[in-house]
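To start, the structure under review is shown below, and the notes come after it.
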Amino acid sequence: MTIAPDASTDRQWPEVDIDHHSAYFREHNYEIYQDLLARCPVAHSNTWGGFWFISDYQAVFDAVQDTDLFSSTPEKGVPTAGNPDPMIPIDIDPPQLEQYRRILLPRFSPGAAKNAEPLIRTMSTELIDTFIEAGEADIVGQLTTPLPARLILKLLGMDESRWPEWVDWTHSVVHDRSSEPAKAMAAVTSIYGGLVAEIVRRRTDGLGDDLFSDIMRGTVDGEPLPDGDVIGCALLMLLGGMDTTSGLTGNVLVRLDEDRALRQRLADSPELLVGATEEFLRHDTPTQGLARIVTRDATFHGRELHAGDRVLLMYAAANRDPAVFDHPDDIDLDRSETRHLAFGAGKHRCLGSNYARVMFRVMMDEILRRLPDYRISGEVVRFADAGDVYAVRTLPIAFTPGPRVGVAG
């Protein structure tokens, strides 16, 4: 990475050569964050048509709170996603934002996530049963990916047995949009077709007690949501439900293979997993950041921003800011400062955070209990593009075979 003044305009800023969708970024993201935090936490990148790269905690936190200056309009993407409709509510600004979130919040409350824990544990047990006798598995492909995918489909009232094709489509939307945009758009088309079919089915059979039906019942400004909004909202639920929780869990499993003492401490004291979840979210944040677009000329943390500038708010970098977290590159289960930004903050804070915590904790608890001596047995393959979500795609492990336990009832 190089840093130099920009001589092409009269605007003075540190110019950085960062392509967050590149292979180099995927392999060196934390080194890049460390360098930026030390030298220019608010910098401008000349890639993808130019955008601001904000890495320090305070600037990221201030930006997510200021929805008037930093808009979430769909044009904010670096590059833009190209979806025909906004993904709701992530692409919506206040005051309508609150109305859309109000439709979704009851299904994503802390109580709803807690009530789903027995189901999540049953799913985890069933999935581990499918490979525990073999003594080997791709733990990402056989547990951490299907469990969240099946759960979000179940919450939406959709056929959870179709999770593999929905996962393929959503992974393509997230991870292929910069390198293979045509493939990503084909996946978007497939998702739209599937969601239109869900709308037609409910209009034929009637709405049910599920998240998709809640979205169709929803109103904004007293009017029912148009089909485009219903699709955009359901699409976001799928993208959030089928990628990030698996990303976090895979990242942590790699860490615990490297740090066997930490793994043993968690296995011996599973009650530590509640607090450890927050530290892992900080240290191994899957969602690297989200984009915004500047609405007007303004000075922000010493930089002159202009209307139309695109901005990346790098949550993963902010979570490694030494000004907030002592020894930020260490995993410290006794850390006193736990206010990480893995789920963002402010009005756009992640709706699925409660479910993500429960799923991660249950999967880790089951892995540490049933596969306590797991070890990575082959190549760890990450998604080629880590600019949006830093995640493991394939994680082969070996372990002492164990018995299937089945699920009562």
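A few comments on the model shown:
- Label sites at Y24 and S213, each approximated as a point 7 angstrom past Cα along Cα to Cβ, lie 5.3 nm apart.
- Ranked list, fewest to most other Cβ atoms within 10 Å of each Cβ, for W48, W166: W48, W166
- Where the alpha-carbon atoms of region 191-348 are placed on the principal axes, they occupy 56, 48, 25 Å, in descending order.
- Taking region 3-398 as the region of interest, the number of lysine pairs whose Cα atoms are within less than 24 Å, with members eight or more places apart or on different chains, is 4.
- Contour excess over end-to-end distance, with Cα ends at E133 and E223 and 0.36 nm allotted per residue: 27.0 nm
- Once the C-beta distance of S336 and E271 is scaled by a Förster radius of 25 Å, the resulting FRET efficiency is 0.85 to the nearest 0.05.
- Take every pair of alpha-carbon atoms less than 8 Å apart whose residues are at least six positions apart; their mean separation over the length of region 154-225 yields a relative contact order of 33 percent.
- Global form of region 78-209, assessed from the alpha-carbon gyration tensor, a/c cut-off 1.5: oblate
- Fully extending the segment from E98 to R39 would add 17.5 nm, taking 0.36 nm per residue of separation and subtracting the current Cα-Cα distance.
- Value of relative contact order over the chain, rounded to a whole percent, pairs C-alpha under 8 Å and six or more apart: 27 percent
Bear in mind these aren't lab numbers, they're just calculated from the coordinates by the rules spelled out. Please read these numbers as outputs of a predicted model, since none were measured by experiment. Glycine also receives a Cβ, built like all others from the backbone with ideal geometry; neighbour counts cover every protein chain displayed.
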